[in-house]
1. In the stretch 59-81, which residues are surrounded by fewer than 17 Cβ atoms within 10 Å (Cβ to Cβ), at pLDDT 95 or above and farther than 22 Å from R131 by Cβ?
2. What pairs come up if the first residue lies in the stretch 22-33 and is farther than 11 Å from L115 by Cβ, the second is buried (at least 23 other Cβ atoms within 10 Å of the Cβ), and their beta carbons are under 6 Å apart, counting only those six or more places apart or on different chains?
3. Of everything in the stretch 36-85, what is outside any helix (DSSP H, G or I), more than 21 Å from V20 (Cβ to Cβ) and among the small types (G, A, S)? Give them in sequence order.
4. Out of curiosity, is L116 closer than 21 Å to L29 by Cβ, of a type in the set (A, V, I, L, M) and part of a helix (DSSP H, G or I)?
5. Determine whether the stretch 3-10 contains at least one residue that is assigned to a helix (DSSP H, G or I), closer than 23 Å to A122 by Cβ and of a type outside the set (V, I, T).
6. If I ask for residues that are surrounded by 10 or more Cβ atoms within 10 Å (Cβ to Cβ) and over 20 Å from V27 (Cα atoms), which ones from the stretch 37-57 would you list?
7. Which one of G111, G60, G120, G50 is small (G, A, S) and either within 22 Å of R14 (Cβ to Cβ) or touching a residue at least 40 places away in the same chain (Cβ under 8 Å) (or both)?
Amino acid sequence: MVSRAEDLIRVAIRGVAVAVCAGTAVVALTLWGVQRLLAGSPESPIPVTGGPAPALLLLGTVGALCLTAGVAWHRLAPVDSYYRRGGLSLVSAFGTFLMAVLAAPLHHFTGPRGLLALAGVAGAAALLLSRR
């Protein structure tokens, strides 16, 4: 027989994993979209600060972090402590940010297809892990 504490540990692990995978899928699609927007522009030594690409990057990344925290909060509903739910939600958002940072070298080495593959794998993992 599984104790309630062990069951909550499983809930926490799955909740964080689902949230990070969902956020990673959104971040990878955001980075892919930014790369598609910048694909036709000439190379420049100064960063792009105008147009839709910076807005998509900012809003997509912040949106992915908020989505991650929201999914984690929802999946961790069996945990009675708001403090623990909030802490694990923030940890999940940080995990998504870490995956966003790691997606940049992935794009460098594998190109846009690598970002789409990451989004597909992360989205599929989120769906598989979210099944109860």
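The values are calculated or read from the model by the stated rules, or taken from the named source; none is laboratory data. This is a predicted model, so every value here is computed, not measured. Reconstructed Cβ throughout: ideal geometry from the backbone, glycine too, with neighbour counts over all protein chains shown.
1. Hits for the stretch 59-81 are L59, V62, G63, C66.
2. Close Cβ pairs (under 6 Å, with a partner that is buried (at least 23 other Cβ atoms within 10 Å of the Cβ)) amount to A22/V71; G23/A64; G23/T68; G23/T96; V26/A64.
3. A39, G40, S41, S44, G50, G51
4. Numbers: closer than 21 Å to L29 by Cβ: yes; of a type in the set (A, V, I, L, M): yes; part of a helix (DSSP H, G or I): yes.
Here the answer is yes, as L116 does meet what is asked.
5. Yes: one or more hits.
6. S41
7. Working: G111 fails: either within 22 Å of R14 (Cβ to Cβ) or touching a residue at least 40 places away in the same chain (Cβ under 8 Å) (or both); G60 fails: either within 22 Å of R14 (Cβ to Cβ) or touching a residue at least 40 places away in the same chain (Cβ under 8 Å) (or both); G50 fails: either within 22 Å of R14 (Cβ to Cβ) or touching a residue at least 40 places away in the same chain (Cβ under 8 Å) (or both).
That would be G120, the only listed residue that is small (G, A, S) and either within 22 Å of R14 (Cβ to Cβ) or touching a residue at least 40 places away in the same chain (Cβ under 8 Å) (or both).
Table: residues versus (1) touching a Gly at 6+ places or on another chain (Cβ under 7 Å); (2) among the basic types (K, R); (3) farther than 16 Å from G123 by Cα.
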site: T24; (1), (2), (3): no, no, no
site: T30; (1), (2), (3): yes, no, no
site: L38; (1), (2), (3): no, no, yes
site: S44; (1), (2), (3): no, no, yes
site: P47; (1), (2), (3): no, no, yes
site: P52; (1), (2), (3): no, no, yes
site: H74; (1), (2), (3): no, no, yes
site: V91; (1), (2), (3): no, no, yes
site: P105; (1), (2), (3): no, no, yes
